[in-house]
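A.B. asks: Just dropping this structure here.
None of the figures in this text is laboratory data; all of them are computed from the coordinates on show. All values reported here derive from a predicted model rather than from experimental measurement. Reconstructed Cβ throughout: ideal geometry from the backbone, glycine too, with neighbour counts over all protein chains shown.
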Amino acid sequence: MAEANILQTQDAPGEFVLYDASMTRVFIADGLPEERSALRLVLLDLHLEAIGEAADWTTTLAQAPSLRPDMLLIDWTMLPNGTQSAALALLRETCPGALVIVLISHLDARQQAALSSGADTFISKGETPERVSERLRSVAAGIRPA
């Protein structure tokens, strides 16, 4: 079992965190650096691995597929306006098997739009950190290897 653990460099130079090799791999796409930072902390707390992040849609499409994420956290506002369904379909095509979780700032018609556009679930950006953790834990539990 000790062989399954490897050291991975984190944000702070010289800081290391022990990750388990079976950790769920998550790509974060959000235009706000403070949102990405908060999500990284939540993922770390859940023992999920943030394998990459992007601040815009173009970078997301360029980087996420090569990293082979198990889960993608995508801010709804990053999706190209008016073509959200097509954008999520393209993301699913380039990242097959990854769960797509859409982050929404305001719960209204966007919730239904995110789900009908092809997201697996959504998480409101206004949720408490505990609720975000609960939602991510629930989704991650469904994709962890046995």
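A.B. asks: If each residue of separation counts as 0.36 nm, what is the full-extension length gain between Thr59 and Thr128 once their alpha-carbon separation is subtracted? Before the final figure, lay out the partial values.
C.D. replies: Values: separation 69, 0.36 × 69 = 24.84 nm, distance 2.78 nm.
Between Thr59 and Thr128, full extension yields 22.1 nm more.
A.B. asks: Just the Kirkwood number for segment 24-141, please: inverse of mean 1/r across all distinct Cα pairs, in Å, one decimal.
C.D. replies: 13.9 Å
A.B. asks: Going highest first, how would you order 24-37, 55-68 by mean Cβ packing within 10 Å? Intermediate values should be presented prior to the final figure.
C.D. replies: Details: 24-37: 18.6, 55-68: 15.6.
Per-residue Cβ counts within 10 Å, averaged per peptide and sorted highest first, yield 24-37, 55-68.
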